[in-house]
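Trainee: The structure follows.
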Amino acid sequence: MPGAFFLGTGEVRLVLSLWADKASIDALDRSALYRETVARFQATGVLREPQTVELFEVTGGTVSALSLAAELSRAPNDATDRTR
């Protein structure tokens, strides 16, 4: 997986994950590690039921790795702190 963002506002939580291709996404259904990771996040309250999955194709955009890293370093780490 090239990347993931954990987003939230109020009671709404969202994981935006970035994948190279559909085959990689389909492989999740067979991944014990993925299911274990989801279970750990559910235990912390970061992910809650009910969960849904929506797939979107990238139609364009840019990401500056340095700008993103700088912004993330300033963001509150509530979710990260609960998973340690």
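The values are calculated or read from the model by the stated rules, or taken from the named source; none is laboratory data. Please read all numbers here as calculations on a predicted model, not as lab measurements. Positions of Cβ are backbone-derived with ideal geometry, glycine not excepted, and every protein chain shown enters the neighbour counts.
Trainee: Yes or no: segment 57-64 includes at least one residue that is part of a helix (DSSP H, G or I), at pLDDT 85 or above, over 13 Å from the mean Cα position of the chain (by Cα) and among the polar types (S, T, N, Q).
Mentor: From segment 57-64, those part of a helix (DSSP H, G or I) are none; that's our starting set.
The answer is no; no qualifying residue exists.
The rows are residues; the columns are (1) touching a residue at least 24 places away in the same chain (Cβ under 8 Å); (2) surrounded by 11 or more Cβ atoms within 10 Å (Cβ to Cβ); (3) not in a strand (DSSP E or B).
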position	(1), (2), (3)
VAL15	yes, yes, no
ILE25	yes, yes, yes
ARG35	no, yes, yes
ARG40	yes, yes, yes
GLN51	no, no, yes
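Trainee: Then there's this: Of the conditions (1) within 17 Å of GLY8 (Cα to Cα); (2) surrounded by 10 or more Cβ atoms within 10 Å (Cβ to Cβ); (3) of a type outside the set (Phe, Trp, Tyr), SER31 clears all except one; give me its number.
Mentor: Unmet for SER31, out of (1) within 17 Å of GLY8 (Cα to Cα); (2) surrounded by 10 or more Cβ atoms within 10 Å (Cβ to Cβ); (3) of a type outside the set (Phe, Trp, Tyr): (1).
Trainee: Filter segment 32-52 down to residues that are among the aliphatic types (A, V, I, L, M) and at pLDDT 85 or above and give me whichever is farthest from LEU7 (Cα to Cα).
Mentor: ALA32
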